[in-house]
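Note sheet for the following structure.
The values are calculated or read from the model by the stated rules, or taken from the named source; none is laboratory data. Values in this document were obtained by computation on a predicted structure and should not be read as measured data. Quick reminder, even Gly has a Cβ in these numbers, built from the backbone with ideal geometry, and neighbours come from all protein chains shown. With ligands, DNA and RNA removed, areas are computed over all heavy atoms of the protein, side chains included. Shrake-Rupley method; radii C 1.70, N 1.55, O 1.52, S 1.80 Å.
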Amino acid sequence: MIESSGNRFWGFTWLALAMAVAAAAGLYAFALWFGNLNQDEGWYLYAAQRMAEGAQPYRDFFFTQGPVMPNVYGTLAGLWSPHGVLGGRVLTLAFGLMGCVMTALLARRAVPRERAMEAAVMAFALTACNLYHAYFTTIPKTYGLASFLVAAGFLLLSLCVPREPKTRSMRTAMWALPAGFLIALAAGTRLSLGALLPVTTLGLLFTCRRTGAAFFLFALGGAVGLVLVFGPLLADAREPFVFAQTFHAARGGGGRDLFLMAGSVSRTVRAYLPMALMAAGLVLSPMLGRRTGATAGGRWAWLWLSGFLCVFLVHLAGPFPYDDYQVPVMGLLAAALAAWTVRSALGTVARGGLCLFWVIVALASSFGSPLPQEWMVTRQDRFWAVRKQQPDLALLRQVGREIRALSGDAETALLTQDVYLAVEAGMKVPEGLEMGPFGYFPALSDEGAAKFKVLNKRGLLTLLEHAPCEVAAVSGYGFAIRAPVMDRVSDDDAQIFWSALTRNYDRVEEVADFGQHSTTLQIFKRRPGVMPPPEAVEPPPAPEPPPVPAEPEPPAPEPPPPEVVAEPQGAVAEPVAPE
């Protein structure tokens, strides 16, 4: 009778696995095409394209995260770049799904072998079957790659202590070396993940009687990884790199406000509600103390929880605690909770039935997520919901094609702070706009702006006055944000920028409900006869001369020397920052 029940519940485990895999494929595909656009997608993908061309972050352009993601995506640019933002999303989705698989394999290591599949299915469902997690590991931010590196690093670390303690040796402890290296790469992807290195090293040190020299090898692998990732930057562009990273600390708007911190925790709980419910069930379970810490598996889970909590608190203490910052380490929490849940049911008849139950809970949570409505509805007009005519990504692709056609085949630059438009159109942005509105630092001196590859007020005005591009595109994010505090540009300054732009450009199209948060996109084309970029200016004729012939050598007597360029009539002098 017991054997028959076990077989029946084992069948439930396979059913749960099939449901989880099918649901994950559907949720990730849904997030890929319908997920809202995010300004960050353009910044990260454009940085990868610049690195593929040989440029380096910090030294050649402003970038606010570590160099690993643009390096990896730049290496793979030939695969995704021809497909624009959609290609970047597909690559990120691959990393995100691999991170979920690594999380499932990680959970297997903390339970007895006969229950490993149940733990893996639960951990996979808690991440891959969560629409919030699927979305943020699909859009090209740091989360997809970082979550994969974190889960893979801890999976290698778990191999240091095999299931049979008698087989532990120096050879098994060597797994800690590449584990530390992968966590260092994760820190090079998203800097806050560097907190995992000291916390994990200390945890291994406290358990050195069981893990041996793993703490030293893990620290060594991490140190080697950090040197390889950040050493060249500190040697070649130390000041721009430090400036780019202190940018985060200088940001205003939150400032460790307890209200905002509570809101961040609340949104995280809502986004990962199945994990919160599972954690509550474990805390209330009288079996928790007896089942979780008695073996190596339980100790690994405590180490994963420690790493998660450390990074969670680092993010929570930031100037503005966004809840999506926690995504890269949610796999550690999922693996620990899945392992403890399975261990709490050891010796019971639940088996696969418990696994199937939590898969259903994860799917129900995704079904009740507010994200699908956000992706399908633009806004609420009194009683009526205004639906989007097409997904954000589809509209971006359409506008990108229009801008490419409007620019002409020879034009390669687009004047915009919406960098994902340039990525989609296969164009560049002028220097200083690589991070869009995050690259405008009005308080910097001219020397500082040039050193750090950003724009101050004079630089942005000069850029607009010289009209270096055939087409300009400005959404609601244009001329609206000033760094590093990230507050609003004053109305007077915004009007100055708009006036400078419209002196050289005519508006040719307006796209409603475009991009992140559905603002209005205005597309401009340079007015015929307006001066071209400074480097392309040709010597104008003197006042009332005969027409300049087409030949390279004008026949007029005493022509001006080639290097002397008279200022054309109506030209706008270099702007001076207004008081």
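Packing around the peptides 196-206, 60-70, taken as the average count of other Cβ atoms within 10 Å per residue, puts them in this order, highest first: 60-70, 196-206.
For the range 106-166, what does the accessible surface come to per residue with a 1.4 Å probe? Please give it in Å². Per-residue value: 22 Å². Under 5 Å from the amide H of Asp513 lie the amide H atoms of Thr520, Leu521, each residue being 5 or more positions distant or on a separate chain, with H modelled from the backbone and absent for Pro and chain starts. Note on Trp33 and Trp302: the extension gain reaches 93.1 nm, defined as 0.36 nm multiplied by sequence separation minus the Cα-Cα distance.
Place a point 7 Å from the Cα of Leu228 along the Cα-to-Cβ direction; which residues of the range 184-221 have their backbone N under 16 Å from it? Backbone N within reach: 184-189, 217-221. Here the Karplus relation 6.51 cos²θ - 1.76 cosθ + 1.60, evaluated at θ = phi - 60°, turns the backbone of the range 467-473 into coupling constants of 6, x, 10, 6, 10, 10, 9 Hz, with x for every Gly and Pro.
Using the Cβ-Cβ distance between Thr412 and Val508 with R0 = 22 Å, the FRET efficiency computed as 1/(1 + (r/R0)^6) comes to roughly 0.70.
For the range 409-522, the square roots of the Cα gyration tensor eigenvalues, ordered a ≥ b ≥ c, give a/c below 1.5, which places it in the rounded category. Taking the protein heavy atoms of the range 1-134 in the context of the full set of protein chains, the accessible area attributed to carbon and sulfur is 67 percent at 1.4 Å.
Computed FRET efficiency, Cβ-Cβ of Val265 and Arg401, R0 35 Å: what is it to the nearest 0.05?
On the way: r = 42 Å, r/R0 = 1.21.
Here the calculated transfer efficiency is 0.25.
Of the residues Trp498, Trp43, the one with the largest accessible area comes first in the ranking Trp498, Trp43, computed with a 1.4 Å probe on protein heavy atoms.
For the full complex of protein chains and a 1.4 angstrom probe, list Ser306, Ser369 by accessible area with the highest value first.
On the way: Ser306 55, Ser369 25 Å².
Ranking Ser306, Ser369 by accessible area, largest first, yields Ser306, Ser369.
Against the criterion of solvent-accessible heavy-atom surface with a 1.4 angstrom probe, Trp384, Trp300 sort, most first, into Trp384, Trp300.
The separation of the range 169-245 from the range 494-532, counted between C-alpha centres, amounts to 47 Å.
Taking a probe of 1.4 Å, how large is the accessible area per residue of the range 384-492, in Å²?
Working: 4300 Å² over 109 residues.
Per residue, the range 384-492 has 39 Å² of solvent-accessible surface.
The overall shape of the range 17-168, judged from the alpha-carbon gyration tensor, is oblate: a/c is not under 1.5, and a/b is no greater than b/c.
Between Ala394 and Leu220, the FRET efficiency estimated from the beta carbon spacing at R0 = 45 angstrom works out to 0.40. Listed by chain and number, the lysines whose alpha-carbon sits under 27 Å from that of Lys141, ignoring those within fewer than 8 places in the same chain, are Lys388, Lys428, Lys451, Lys453. With the highest mean first, a sort of the peptides 186-192, 212-218, 259-265 on other beta-carbon atoms found within 10 angstrom per residue produces 186-192, 212-218, 259-265.
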